[in-house]
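S.K.: Sharing a structure below in structure tokens format, with a few things to ask.
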């Protein structure tokens, strides 16, 4: 149990376009989901906490207008990278929790902006 | 400020040997300490976790040792195998937030 599906697994987009990444909890409901960014050979950096039915909470330094988060239901959160630029190229990972201990990560999305 | 400090950054171990990764923290509000294993191009997967009221937890070849007074915890991989080659992250939880170590790249050579 506790499966988190993330889609797409990789995407290439042109500079200036927007990209949407989906994170779904398949067998449980998640009132809170988390979005992370990971640079090569580095740790996970928390970008924002996605709350179902309310606005996301962004970490300091993360542009909320650039990284739009929508937690439309108890099983789906989306991250939209707007007006993407090459410096936004990274590995984006979501996670969700079934309970206070069981955090499960998605498989990640490799975004390349050309 | 790095809330969880992890070492070493990289580790090379012979097949059958013991891999040891260490983490340290300062925040006494942390109440849950998981270890994650990440293969290239994949998201982290929970490997094993411990709560601070326990000094050791073992699951198969993986053991967490926890020293509450020293605010340190470590992952031991016994009989390390080439398939264990991955990046390992320790983490600590406070509230609903996790703080991750910087990762250890483990290579197990045959």
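S.K.: Quick one: which residue in B:88, B:32 is closer than 29 Å to residue A:90 by Cβ, within 14 Å of chain A (Cβ to nearest Cβ) and surrounded by 21 or more Cβ atoms within 10 Å (Cβ to Cβ)? Before you say what the answer is, go through the steps one by one.
M.R.: Details: B:32 fails: surrounded by 21 or more Cβ atoms within 10 Å (Cβ to Cβ).
Matching residue, one of B:88, B:32: B:88.
S.K.: So, residue B:80, is that one free of Cβ contacts under 8 Å to residues at least 12 places away in the same chain and either crowded, with 18+ Cβ neighbours inside 10 Å or in a strand (DSSP E or B) (or both) or not?
M.R.: On the way: free of Cβ contacts under 8 Å to residues at least 12 places away in the same chain: no; either crowded, with 18+ Cβ neighbours inside 10 Å or in a strand (DSSP E or B) (or both): yes.
So residue B:80 does not fit the description; no.
S.K.: Next question, about the same structure. Name the residues in the range A:59-74 that are farther than 21 Å from residue A:28 by Cβ, more than 13 Å from chain B (Cβ to nearest Cβ) and surrounded by 13 or more Cβ atoms within 10 Å (Cβ to Cβ), would you? It would help to see each step written out before you state the result.
M.R.: Our first condition is that a residue be farther than 21 Å from residue A:28 by Cβ; within the range A:59-74, this holds for A:59-68.
Then drop every residue that is not more than 13 Å from chain B (Cβ to nearest Cβ), which leaves A:61-68.
Within the range A:59-74, A:62, A:64, A:66, A:67, A:68 qualify.
S.K.: Checking residue A:77 against (1) out of contact with any strand residue (DSSP E or B) (no Cβ under 6 Å at 6 or more places or on another chain); (2) surrounded by 16 or more Cβ atoms within 10 Å (Cβ to Cβ), only one condition comes out false. Which one?
M.R.: (1)
S.K.: Restricting to the range A:96-114, what's the tally of residues that are facing chain B (nearest Cβ under 8 Å) and either under 16 Å from residue A:43 (Cα atoms) or touching a helix residue (DSSP H, G or I) at 6+ places or on another chain (Cβ under 7 Å) (or both)? Write out each step before concluding.
M.R.: Kept after step one, since they are facing chain B (nearest Cβ under 8 Å), are these residues of the range A:96-114: A:97, A:100-108, A:110.
Filter again for either under 16 Å from residue A:43 (Cα atoms) or touching a helix residue (DSSP H, G or I) at 6+ places or on another chain (Cβ under 7 Å) (or both), leaving A:105-108, A:110.
Of the residues in that region, 5 qualify.
Condition check ((1) in contact (Cβ under 8 Å) with a residue 60 or more places away in the chain; (2) not in a strand (DSSP E or B)) across all residues:
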position: B:5; (1), (2): yes, no
position: B:37; (1), (2): no, no
position: B:40; (1), (2): no, yes
position: B:52; (1), (2): no, yes
position: B:57; (1), (2): no, no
position: B:70; (1), (2): no, yes
position: B:74; (1), (2): no, no
position: B:91; (1), (2): yes, no
position: B:107; (1), (2): yes, no
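Where a number appears in this text, it was derived from the coordinates with a stated rule and is not lab data. Treat the numbers as computed from the prediction; the structure is a model and nothing was measured. Heads up, the Cβs are rebuilt from the backbone with ideal geometry, glycines too, and the neighbour counts pull from every protein chain shown.
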